[in-house]
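One structure below.
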Ligand code: SAH
């Protein structure tokens, strides 16, 4: 069924559906996938773990500890410290990329971007040792940085092998996914509804000097009409349906990828095929923090 000829507001349930072709992707047959981590479950686990260890989280792989001098004086040593920390993070990051490719990520551009962005720079120092494991991690304000697999998978689906021009991300969080997107798309806009996280993302992204990324503080459910249409829209939080404003701001030929649902969530791909035509494809199960209206 297609939504041809219909105008907004348009319930997503009325959009055309087709099932995921993921099982048919070459080489997937024998792959064993790690189940996507539940962001909220991880969050709870990490918070209780933090509580248990009295604010001193235990590192599973202390990849960066050896790169940090015991006492670093300011000046030249700061640069040296940053350099050695970057070098130390490269090998776990390479291991992460290898794992992503075993998990079924095929797009070489996505793999390269995941290998470039220093994920450890987007999380608390206490969690550095877990920066490249396949898990979501807490970033404060009851939110999480998404697990590497789902970041790579969603971008792979959205971009479909192309360099997209105008891309909108809903849910900047700590800014990690926005930085990955900026490696692959010409212009990236990212919206966050929590002021403190918007500020955190600005702080995290500043040293990376990414010229083609713009952060906005606001309710992403309204999109960003002033710069629409977008060839790609990616939601990092799950709503019970995809906001109409975002469907409207998707360019014809554009692709939107979003987690949808409450307890049971699935990734949905929406392709806009005409002025009043959208096709929905249900992909795989996932777990995200909720999409909420308004700003705080
Ligand atoms: N993109 C992040 C993931 C952040 S978690 C990463 O790189 O890992 C999802 C984020 O979506 C949270 O920070 C949450 O505050 C935000 N969010 C939820 N509803 C939103 C809305 N309506 N508009 C903008 N951001 C929203």
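The values are calculated or read from the model by the stated rules, or taken from the named source; none is laboratory data. Predicted, not measured: the structure shown is a model, and the values here were computed from it. Positions of Cβ are backbone-derived with ideal geometry, glycine not excepted, and every protein chain shown enters the neighbour counts.
For this structure, a couple of remarks:
- Scanning the range 175-185 turns up at least one residue that is without any contact (Cβ under 8 Å) to a residue 40 or more places away in the chain, under 21 Å from residue 245 (Cα atoms) and buried (at least 17 other Cβ atoms within 10 Å of the Cβ).
- Which listed residue, of 172, 144, is near the ligand (Cβ under 9 Å from one of its atoms), part of a strand (DSSP E or B) and touching a residue at least 12 places away in the same chain (Cβ under 8 Å): 144
- Within the range 131-141, restricting attention to residues that are away from the ligand (no atom under 11 Å from the Cβ) and surrounded by 22 or more Cβ atoms within 10 Å (Cβ to Cβ), the residue that is nearest to residue 284 (Cα to Cα) is 135.
- Scan of the range 269-296 for residues that are in contact (Cβ under 8 Å) with a residue 60 or more places away in the chain and under 13 Å from residue 158 (Cβ atoms), ordered by number: 269, 270, 281, 283
- Lone unmet requirement of (1) in contact with a helix residue (DSSP H, G or I) (Cβ under 6 Å, 6 or more places away or on another chain); (2) at pLDDT 95 or above; (3) over 20 Å from residue 178 (Cβ atoms); (4) surrounded by fewer than 17 Cβ atoms within 10 Å (Cβ to Cβ) for residue 103: (4)
- Considering the range 186-196, and only residues there that are in a strand (DSSP E or B) and near the ligand (Cβ under 8 Å from one of its atoms), the residue that is surrounded by the fewest Cβ atoms within 10 Å (Cβ to Cβ) turns out to be 191.
- Among (1) touching a residue at least 24 places away in the same chain (Cβ under 8 Å); (2) away from the ligand (no atom under 11 Å from the Cβ); (3) within 15 Å of residue 286 (Cβ to Cβ) - the single one residue 249 does not satisfy: (3)
- Hits in the range 155-169 (condition: more than 14 Å from the ligand (Cβ to nearest atom) and not in a loop (DSSP other than H, G, I, E, B)): 156, 157, 159, 164, 165, 166
- Restricting attention to the range 217-234, the residues that are more than 8 Å from the ligand (Cβ to nearest atom) and surrounded by 20 or more Cβ atoms within 10 Å (Cβ to Cβ) add up to 7.
- Exactly one residue out of 112, 135, 95, 152 is out of contact with any strand residue (DSSP E or B) (no Cβ under 8 Å at 6 or more places or on another chain) and in a loop (DSSP other than H, G, I, E, B), and it is 135.
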